[in-house]
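For reference, the structure discussed in these notes is given below.
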Amino acid sequence: MRIAIVNDMPLAIESLRRGVLTMGVHQVAWIARDGIEAVRRCAEDRPDLILMDLLMPEMDGVEATRRIMANTPCPILIVTTSIDSQSARVFEAMGAGALDAVNTPVLDPQSEIYACDSCETFQAKLKTIEKLTRATLPARPVYMKQPADIKSQRAGGLVVIGSSTGGPQALAQILSRLPADYPAPVIIVQHVDAQFAGELATWLNKQCPLNVRLAKEGDCAEVGTVLLAGTNNHLVMHANQYLSYTHSPTELVYRPSVDVFFDSVAKHWKGRVVAALLTGMGRDGAQGLLRLRGRGAHTIAQDEASCIVYGMPKAAADLKAAVEVLPIANIAPTLIKHFPCSADIDTSTIDARVHAL
């Protein structure tokens with residue numbers, strides 16, 4: 001890959017440059033020292049990947065990510081000195097279109113040796129992103145089944161959501177519009193590294209009246225709670241409708257996989273399901289959404305205009321896996337329409353919260 005570096009710290013630039021070049025398969029396309037320069041350089045010479053710092057003079061990494069994805073979109077990896085201390089900015093950048101985030105590899109200026117396994121972690125992230133951005137995943141043929149008689153089934157309703165690039169902000173917009181007495185549990189698979197999945201759950205929890213937390217082994221869907229996949233293994237539902245994580249299938253680039261989770265829900269959930277596939281790169285979730293539609297679920301794909309990256313929803317629309325293709329602003333009202341609340345919604349509070357996002 002041709003990789004660009006955006007950072008204002010000389011030691012960090014050298015650390016990233018060495019980390020890229022020592023892999024032996026990538027090259028440094030260009031280096032920018034602030035967000036303004038990065039936006040300009042990307043417009044002149046679009047690389048295969050940008051390593052974007054968060055805190056820089058003139059224009060920070062969040063705004064630079066937003067402008068690049070709006071004008072000359074390309075894959076962006078946030079690289080910062082501390083993901084933990086910058087979690088809110090990380091999720092804002094991911095909402096603007098960044099693929100993922102990783103700590104800057106630490107290079108000792110005296111010995112010129114990387115500290116601990118910081119470089120290995122960084123290089124492993126580059127390998128994963130290369131697979132994600134270059135993988136071509138052809139659609140597998142799936143035959144539609146007749147819709148199940150969901151009226152005769154006794155289990156309650158369930159909302160399942162899959163998302164990737166741009167997902168945190170899209171999820172916040174949806175969850176902020178669901179009231180505290182929303183009668184259906186919500187389970188989400190977002191492509192996010194396990195090292196800050198917990199921070200994402202905490203951040204989302206602040207955006208909505210529902211309780212958002214990571215899904216644990218043995219959990220089951222719970223009204224009033226939003227469960228978020230929290231490891232680099234696949235979240236699955238079992239016949240007893242309890243949740244667990246599995247390493248298999250091992251060959252999938254996306255971990256956790258939306259397809260794997262949606263497939264397990266289609267197989268084991270006995271009640272009504274509304275499923276949504278949101279913004280993201282690639283095709284993950286499209287086949288699973290089709291299987292859910294085949295068993296009678298109401299399926300939704302986010303529309304192109306409101307997506308940061310129109311990949312996963314487009315794949316679903318191409319497969320005719322979505323009953324509806326909706327802008328992000330219309331998804332929460334649709335969820336409420338299918339699972340009505342007993343109390344009226346304070347729309348003024350909701351609009352204020354959404355406006356603040």
Separation of the N211 and K131 label points, Cα + 7 Å toward Cβ, nm: 3.5 nm
From phi via Karplus (6.51, -1.76, 1.60), per-residue ³J(HN,Hα) for the stretch 87-98 in Hz, x at Gly/Pro: 4, 4, 5, 4, 5, 5, 5, 5, x, 7, x, 5
Label-to-label distance, nm, for residues given as A180 and K320 (7 Å Cα→Cβ offset): 4.5 nm
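Give me D53, D303, D219 ranked fewest to most by other Cβ atoms within 10 Å of their Cβ, as a rough exposure proxy. Could you put the intermediate results ahead of the total?
Details: D53 26, D303 20, D219 17.
With the fewest neighbours first, D53, D303, D219 line up as D219, D303, D53.
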5 angstrom amide H check on V273, placed H, neighbours 5+ away: L158, H298
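Determine, for R255, R18, the number of other Cβ atoms within 10 Å of each Cβ, and report the residues in order from fewest to most. Write out the running numbers ahead of the final one.
Values: R255 19, R18 15.
Ordered by Cβ neighbours within 10 Å, fewest first: R18, R255.
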Distance between modelled label sites at E58 and A124, nm, 7 Å Cα→Cβ extension: 3.5 nm
In sequence order, calculated HN-Hα J values of the stretch 307-316 (Karplus, 6.51, -1.76, 1.60; Hz; x Gly/Pro): 7, 6, 10, 8, x, 4, x, 5, 4, 5
Among C341, M281, L228 - extreme Cα towards positive end, dipole of the chain, charges at beta-carbon: C341
Long-range HN-HN contacts of M56 with modeled amide H, under 5 Å: G61
Computed magnitude of the charge dipole of the chain (debye, nearest 20; Cβ of K, R +1, Cβ of D, E -1): 1440 debye
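Expected output is a single nm value to one decimal: the length gained when fully extending between K270 and L21, i.e. 0.36 nm times separation in residues minus the C-alpha distance. What is it? Show your work: numbers first, answer last.
Numbers: separation 249, 0.36 × 249 = 89.64 nm, distance 5.19 nm.
Extra length available between K270 and L21 comes to 84.5 nm.
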Folded to 0 to 90 degrees: helix 35-44 orientation relative to the chain principal axis, Cα: 90 degrees
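How do E92, E199, E251, E304 rank when sorted from fewest to most other Cβ atoms within 10 Å of their own Cβ? Don't skip to the end; give the middle numbers.
Details: E92 24, E199 17, E251 5, E304 14.
Result, fewest neighbours first: E251, E304, E199, E92.
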Label corresponding to volume of the Cα convex hull per residue in Å³ when calculated from the structure given, among (i) 237; (ii) 130; (iii) 167: (ii)
From phi via Karplus (6.51, -1.76, 1.60), per-residue ³J(HN,Hα) for the stretch 20-26 in Hz, x at Gly/Pro: 6, 6, 6, 6, x, 10, 10
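Readers should treat all values here as calculations from the given coordinates under stated rules, not as data from a laboratory. Quantities reported herein were computed from a predicted structural model and do not represent experimental measurements. Glycine gets a Cβ as well: all are built from the backbone with ideal geometry, and neighbour counts include every protein chain shown.
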